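Taking it in order: structure first as structure tokens, then the write-up.
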Amino acid sequence: MSNLSISDMARPAPPSPYLEGLNPEQREAVEAVEGPVLVLAGAGTGKTRVLTTRLAHILATGTAQPWQILAVTFTNKAAREMKERVGRIIGEAVEGVPWLGTFHSISAQILRRHAELVELKSNFTILDTDDQLRLLKQIIQAENIDEKRWTPRHLASLIDGWKNRGLLPDQLGEEDKWSFAEGRGQGLYQMYQDRLKTLNCCDFGDLLLHTLHMFKDHPDVLAEYHKKFRYVLVDEYQDTNVSQYLWLRLLAQGTGNICCVGDDDQSIYGWRGAEVDNILRFEKDFPGAHVVRLERNYRSTEHILAAASGLIAANRSRLGKTLWTEDSGGEKVQVRGIWDGEAEARFVAEEIENWSSKGRAYSDSAVLVRAAWQMRAFEDRFIMLGLPYKVIGGPRFFERAEIRDAHAYLRLVRSPEDDLAFERIVNTPKRGIGDTSVQKIAMTARAMGVPMSEAARVMVTTDEIRGKARTALQVFLRDIDRWREQAEHSRLDELAEIVLDESGYTAMWREDKTPQAAGRLENLKELVRSMGEWDTLEAYLEHVALVTDADRASDDDDEVSLMTLHGAKGLEFPLVFLPGWEETVFPSQRSLDEGGTRSLEEERRLAYVGITRARERAIITFTANRMIYGHWQAVIPSRFIDELPVDHVEAKSETGYYDGGPGRESFTGTADPMASSYSSPGWKRYQTNTQSGRKSDPPTINAKATLIESGGSDKTGKWQAGDRVFHDKFGYGTVKKADGAKYTVKFDKAGEKKVVESFLRDLP
């Protein structure tokens with residue numbers, strides 16, 4: 001008989017160690033294991049800890065066995081981290097949780113067990129992207145469709161989108177049917193699916209699509225998994241597409257014990273199929289759902305959180321939450337108005353160097369851009385200063401394929417002996433000069449001891465290369481000769497634009513309908529723009545060679561991180577720079593044109609994500625001028641800047657960063673620094689007109705004028721109308737109008753500009 005008293009036996013057990021340290025809301029989310037649960041986890045609120053602790057809690061309490069839990073993540077890395085964290089909590093390995101993984105890996109497991117139900121064998125092969133494109137190319141060619149106009153990559157992108165929406169070929173609507181090859185998209189999709197089954201293959205989209213329709217068509221199979229899975233846990237629910245959403249709903253119909261963790265304010269992947277509505281309608285999909293809001297932030301300061309919360313409050317499609325922290329105060333979010341993109345890069349580099357001089361690591365800082373083309377100016381500046389950096393989520397600017405291709409064209413224009421450049425672009429874009437022809441040219445060049453371009457000139461007069469390939473090669477060689485002549489009297493940026501257009505290279509990416517194509521075109525525009533700063537092709541290519549050599553020489557782990565805002569999700573840094581907050585850049589004009597209000601709200605969520613990456617300091621910059629399509633244009637600040645709460649922002653003009661070197665003179669700030677950034681009358685008029693629905697030309701001179709006024713002077717001007725002057729950035733020009741210390745100058749190359757006297761000087 002036990003010696004314990006009744007009170008001893010009735011005494012509650014001490015709390016489990018893994019629950020200690022959780023705040024009340026986190027603990028509520030962990031312990032609410034029955035029924036549907038939605039955990040709205042704001043940025044930096046401990047989402048991953050809650051999800052892993054919840055899984056560990058279910059296992060530790062014996063509520064379910066490891067094989068009775070379905071835990072879905074978006075990446076293999078996240079799945080591995082979850083297993084490791086759960087193992088540390090419960091003190092044992094969790095390899096016995098067989099259904100913890102990504103949507104695709106779990107779907108593959110299910111599909112292999114029931115492959116015959118979708119006309120496959122259990123040993124089916126999963127195709128990678130290259131094999132998928134090769135198969136689609138075969139189908140397009142067999143149907144006598146012009147693959148230059150209707151590319152396999154475009155069709156692959158469409159098919160991926162259809163599968164993300166859970167659509168089989170016979171379920172496409174009229175708009176989808178006509179989105180490829182004048183109404184033949186549906187038939188090609190069906191041929192592709194039939195061919196995959198013949199080859200006993202799947203692509204990644206099929207893993208979910210086949211499983212989803214198998215569940216719908218075979219209720220007995222679905223019932224089997226209802227019995228198997230007592231609990232369903234889902235990470236990053238706001239990023240699910242339609243197919244994933246339907247897949248989860250079907251599986252959750254069993255016990256109803258589904259817990260989804262996500263943040264509607266961080267849904268930023270609409271361009272790849274994510275539907276924010278999935279998380280917004282959770283309570284309708286699962287009546288009686290228990291919603292837990294995680295609002296206590298453990299990452300950022302009070303001002304950073306308040307600024308981010310004030311910004312995102314402008315979105316209407318959200319469930320609503322307000323982040324807070326016990327880390328009161330801190331630095332306000334800084335907003336800086338700067339003259340142009342190059343000055344912006346100088347400002348950021350100088351701030352990072354100041355940061356480093358105080359003993360802080362370079363790796364504690366990050367520059368987060370809206371689009372990859374913005375990186376070029378920062379990379380150039382960082383390399384010039386020897387400031388270590390790394391590009392996360394993609395290659396450095398000069399390492400990108402489209403930039404290497406453009407450089408290869410220019411290298412061949414400069415030097416006919418450059419065989420590497422010749423090989424790279426002789427059939428890019430496709431001209432019908434196949435690998436066999438290129439190999440023949442290379443062999444002839446080696447036998448003759450001459451460059452490939454010279455061998456090609458000989459071979460187009462003989463029969464070694466015939467038909468279409470010979471004609472295409474003749475045209476290509478004539479083009480190179482013509483561009484070489486134009487290089488003698490053309491500006492470098494003009495030459496680059498001519499070469500890229502006349503070669504068909506720009507058209508190739510313009511006709512490419514994949515999501516990456518638009519970014520490649522923007523990178524090419526930025527490349528052309530940057531070339532305007534160089535006098536000769538030789539000097540520019542030498543600069544590129546030195547830059548790339550410096551890149552290879554750097555192996556320092558203590559580096560500034562440079563990445564897009566999309567790539568920064570899930571990361572955090574003490575110091576974060578957010579450049580390019582201007583209309584048409586951020587929010588992206590392309591996004592607004594294609595998606596309207598829905599895309600605007602996603603752009604605002606992206607801004608929210610950017611601000612909340614910062615732990616200690618967040619610095620937002622916008623410029624008064626951008627080089628757009630080869631011409632300087634005045635631009636206006638992003639509407640997102642005006643949506644930041646004033647009490648948590650320190651705004652100031654930094655026009656002193658526009659200059660010509662060590663002797664630059666700084667503009668003085670205005671008495672009210674907010675006036676020099678985003679509260680100017682022109683911007684407010686633009687906002688009012690936009691909100692009232694009236695179309696209005698944006699006040700394109702406003703931001704520029706504000707910066708000029710902040711450095712104005714009452715003294716009599718030094719020059720008069722008709723005088724010739726020199727500007728370190730814009731070059732030679734003629735004064736058209738003098739207004740005190742302000743001038744309107746018609747520059748020979750840059751066009752008409754309004755500038756302040758301190759930036760002009762007599763002819764050198």
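The values are calculated or read from the model by the stated rules, or taken from the named source; none is laboratory data. Here the structure is a predicted model, which means the values were calculated and not measured. Quick reminder, even Gly has a Cβ in these numbers, built from the backbone with ideal geometry, and neighbours come from all protein chains shown. Just the protein is used for accessible areas: all its heavy atoms, side chains included, with ligands, DNA and RNA removed. Shrake-Rupley method; radii C 1.70, N 1.55, O 1.52, S 1.80 Å.
Odds and ends about this structure:
- Note on segment 320-383: along the principal axes its Cα atoms extend 40, 33, 21 Å, ordered by decreasing extent.
- Accessible area expressed per residue, segment 11-127, with surrounding protein chains retained (probe 1.4 Å, Å²): 46
- The loop-placed trypsin sites (Lys or Arg not before Pro) in segment 352-446, going by DSSP, that have at most 16 neighbouring Cβ atoms within 10 Å of their Cβ come out as 358, 360, 430.
- Taken along the Cα-to-beta-carbon direction at a fixed 7 Å, the label points for residue 216 and residue 77 span 3.4 nm.
- Cross-link reach is defined here as a Cα-Cα straight distance under 15 Å, omitting same-chain residues fewer than 8 places apart; for residue 228 the aspartates and glutamates meeting it are 220.
- Using the Cβ-Cβ distance between residue 761 and residue 720 with R0 set to 22 Å, the FRET efficiency from 1/(1 + (r/R0)^6) comes to roughly 0.90.
- Sparsely packed trypsin sites (Lys or Arg not before Pro) within segment 453-498, loop by DSSP, other Cβ within 10 Å at most 13: 466
- Options (i) 107, 77, 52; (ii) 91, 70, 55; (iii) 120, 70, 47 - which one matches Cα extents along the principal axes in Å as calculated here: (i)
- Taken over segment 430-538, lysine pairs spaced eight or more positions apart, or on distinct chains, with alpha carbons under 24 Å apart number 6.
- In segment 118-201, Rg over Rh equals 0.95, where Rg is the alpha-carbon radius of gyration and Rh the Kirkwood radius from pairwise Cα distances.
- With Cα atoms defining each centre, segment 419-479 and segment 27-95 are spaced 60 Å apart in the structure.
- For segment 442-589, the equivalent ellipsoid derived from the alpha-carbon gyration tensor has semi-axes of 39, 20, 18 Å in decreasing order.
- Length gained when the stretch residue 494-residue 446 is fully extended (0.36 nm per residue, less Cα-Cα span): 13.8 nm
- Projected label points at residue 174 and residue 116, each 7 Å from Cα along the beta carbon direction, are separated by 4.3 nanometres.
- With Cα atoms as the point set, segment 10-82 shows a radius of gyration and Dmax of 13.1, 45 Å.
- Fraction in percent of alpha-carbon pairs per bin - 5 Å, segment 262-331: 3, 14, 21, 21, 18, 13, 6, 3, 0
- Within the shell of other residues whose beta carbon sits under 11 angstrom from the beta carbon of residue 316, the net charge comes to +2, with Lys and Arg scored +1 and Asp and Glu -1.
- Environment charge of residue 580, counting only residues whose C-beta is closer than 9 Å and scoring Lys/Arg +1, Asp/Glu -1: 0
- Protein accessible area in the chain, 1.4 Å probe - carbon and sulfur %: 48
- Based on the Kirkwood approach, the hydrodynamic radius assigned to segment 144-287 is 16.8 Å, with every pair of different Cα atoms included.
- Counting all C-alpha pairs of segment 219-337, share separated by more than 18 Å (%): 61
- Loop-resident sites, segment 71-132, for trypsin sites (Lys or Arg not before Pro), counting at most 14 other Cβ within 10 Å (DSSP): 121
- Antiparallel DSSP beta bridges within the chain, as percent of all bridges there, nearest 5: 30
- Were the residues from residue 542 through residue 384 laid out at 0.36 nm apart, the gain over their Cα-Cα distance would be 55.5 nm.
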